[in-house]
1. Report, in debye and to the nearest 20, how large the dipole of the chain comes out about its Cα centre when Lys and Arg carry +1 and Asp and Glu carry -1 on their Cβ.
2. Any number yet on Rg/Rh for segment 151-203, C-alpha, Kirkwood?
3. For a quick check: with amide H placed at 1.01 Å from N, whose amide H comes under 5 Å from residue 49's, ignoring anything fewer than 5 positions away on the same chain?
4. Out of all DSSP beta bridges with both ends in the chain, state the antiparallel percent to the nearest 5.
5. Can you give the relative contact order of segment 113-236 as a percent, counting alpha carbon pairs under 8 Å and 6+ residues apart?
6. Would you mind working out the accessible area per residue for the chain, using a 1.4 Å probe, and quoting it in Å²?
7. Before anything else, pin down the relative contact order of the chain: Cα pairs under 8 Å, at least 6 apart, normalised by residue count, whole percent.
8. Between residue 84 and residue 49, what FRET efficiency comes out of the Förster formula 1/(1 + (r/R0)^6) with R0 = 45 Å and r the beta carbon distance, rounded to 0.05?
Amino acid sequence: FDQHHVLKGINLTISKGEVVAILGPSGSGKSTLLRSINFLEQPTSGIVEVNGKRVNVESASKADVLALRTSTGMVFQQYNLFKNLTVLQNVMIGLTSVKNLDSKQSKNISKEILEKVGLMERLNYYPSQLSGGQQQRVGIARALALNPEVILFDEPTSSLDPELVDEVLTVIRNVAIEGNTILIVTHELNFAREIADRIVFMEDGVIIEEGTAEQIFNNPTVERTKQFLSKAFKRY
C-alpha cells in the first residue's frame, strides 16, 4: 500500500480438507493475505493457485479473478450483508449472480444451508432484526452456498459480543468437521488449537513459524511465537 510493504515473500500451500489457522499480532498482514487470495486486494507480484487454477497476479485477467473468487468463500469481520435484503435473499444472491442459477435452485440450496447454520426460522428477517451472531451465521451460509474449494474466515468473531462468540464458533466447527478446506485468521486461540490441522504464525508480513497445532502451542521453536502465546493466554 503506497510505500508500505505488507506481505514479504509469503509461500504457503494448503491441502484439500486441511484446516489452517493464521495467528499473529495485529498489523502482521494476516487479513491482507486472505484478501489477496481472491483479489479483494491485488498483490503486486506472485502466484495464486486454487484447485489447479494458477494465476500470475501481474497479468491476471477478469476471468482469472472471477475463477479465484468463485473457488473461494469469504467470511468477513463485519458480516457485509445487504441491509435491504432478507436472510434468504442474502444467501441466494451469490448463487444467482455468480453461479447463474435460477431462483428456484438458488432458494432450495440457500434453505438447505440456512438449516445447517440454524437460521431456518429467520429466512424472511432483515439483518437489522438479527443479533451479531445471527448475522455472522448468515455470512457463513452465504459463503457455503457457493460450495467453494476453500473457505476464508477473516477474524469471524472479532465484532461479536463475547456471549455470541460460541454460536459462531460452533458453526465453524461443524464446517470443519464436514471436511471443508479452511483458512482462518483468528484471535480465538483455544478454538484454533482445537480445530486446526496446522498453525501459521505471522509477524511483519512474513511467516515466522508454522507447524501442527500441538507443536506450535506446546513447543514453539521461535522466541517471538513463545512470547505471543504466553501473553495471549495470560489475557484468557
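The values are calculated or read from the model by the stated rules, or taken from the named source; none is laboratory data. Model, not experiment: these values are computed from the prediction. Ideal geometry is used to build each Cβ from the backbone, glycine not excepted, and the neighbour counts take in all protein chains shown. Just the protein is used for accessible areas: all its heavy atoms, side chains included, with ligands, DNA and RNA removed. Shrake-Rupley method; radii C 1.70, N 1.55, O 1.52, S 1.80 Å.
1. 440 debye
2. That ratio equals 0.93.
3. Amide H to amide H, under 5 Å and 5 or more residues apart or across chains, residue 49 pairs with 55.
4. Details: 9 of 25 bridges.
Looking only at bridges with both residues in the chain, the antiparallel portion is about 35 percent.
5. Here the relative contact order equals 17 percent.
6. 51 Å²
7. Once divided by the residue count of the chain, the mean separation gives 30 percent.
8. Approximately 0.80, to the nearest 0.05.
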